[in-house]
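Here is the structure we will look at, set down as structure tokens.
The values are calculated or read from the model by the stated rules, or taken from the named source; none is laboratory data. Worth saying up front: this structure is predicted, and the values here are computed from it rather than measured. No Cβ is skipped: glycine too gets one built from the backbone with ideal geometry, and neighbour counts run over all protein chains shown. Areas reflect the complete protein model, heavy atoms only, side chains present, ligands, DNA and RNA absent. Shrake-Rupley method; radii C 1.70, N 1.55, O 1.52, S 1.80 Å.
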Amino acid sequence: RLMDAAWENAIKCGDVRIVHDLLGRGAEVDARDRYGQTALMLAAHAGHREVVETLIAHRANLNITAKFGLSALMLALVAGHAEIARVLAKAGADLSLRGTGAPGFAGKTAYNLAVDRGMLELSEELKLKP
């Protein structure tokens, strides 16, 4: 389902109060914008930690991917939001997902993206466990 304008605006602005209100009124937590991104993906990329935590608490799907096969966790890393990436990883985001297409994303996991960005402590937490 496509997200409506009020939902998209609340997410993009990082307004956790409005996000809570809209969820209480039945907003579809995994609705997508016109680019196929969910609220969790938008909030993770924008660095809105409280919104990310609220969406996780409302059981947002952590592993939906959009352009270049990037998940919310991967988008947080791409944008340099290490703490949000950590929150998503601890919530159970799939660490084995791999990006596609674009150079810099193709075949890369969250671990690889963290290493590429010099997030060495975080990258250790994102290593796939054998």
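Structure notes:
- Using the 1.4 Å probe convention, the accessible area of the chain works out to 52 Å² per residue with neighbouring protein chains retained.
- Cut-off under 5 Å, modelled amide H: who pairs with Arg32 long-range: Leu2, Met3
- Whole-Hz ³J(HN,Hα) from phi, Karplus 6.51 cos²θ - 1.76 cosθ + 1.60, for region 103-112, glycine and proline x: x, x, 10, 4, x, 8, 8, 4, 4, 4
- Compactness of the chain as Cα Rg over 2.2 N^0.38 Å, two decimals: 1.00
- Value of [θ]222 nm, deg cm²/dmol, for the chain, DSSP H segments ≥ 4, -39500 (n - 2.57) each, nearest 500: -13000 deg cm²/dmol
- Global form of region 11-55, assessed from the alpha-carbon gyration tensor, a/c cut-off 1.5: oblate
- Over region 89-130, equivalent-ellipsoid semi-axes from the Cα gyration tensor in Å: 17, 13, 8
- Divided by 2.2 N^0.38 Å, where N counts the residues, the Cα radius of gyration of region 10-84 comes to 0.98.
- Leading residue at positive end of dipole, the chain (Cβ point charges), from Ala6, Met119, Ile56: Met119
- DSSP-assigned coil residues among trypsin sites (Lys or Arg not before Pro) in region 22-85, each with at most 12 further Cβ atoms within 10 Å: Arg25, Arg34, Arg59
- Proximal charge balance of Ala27 [Cβ under 11 Å; K/R count +1, D/E count -1]: -3
- Spatially proximal lysines relative to Lys12 (Cα-Cα < 29 Å; intrachain offsets below 8 disregarded): Lys67, Lys90, Lys108
- The chain - charge dipole about Cα centre, Lys and Arg +1 at Cβ, Asp and Glu -1, debye rounded to 20: 300 debye
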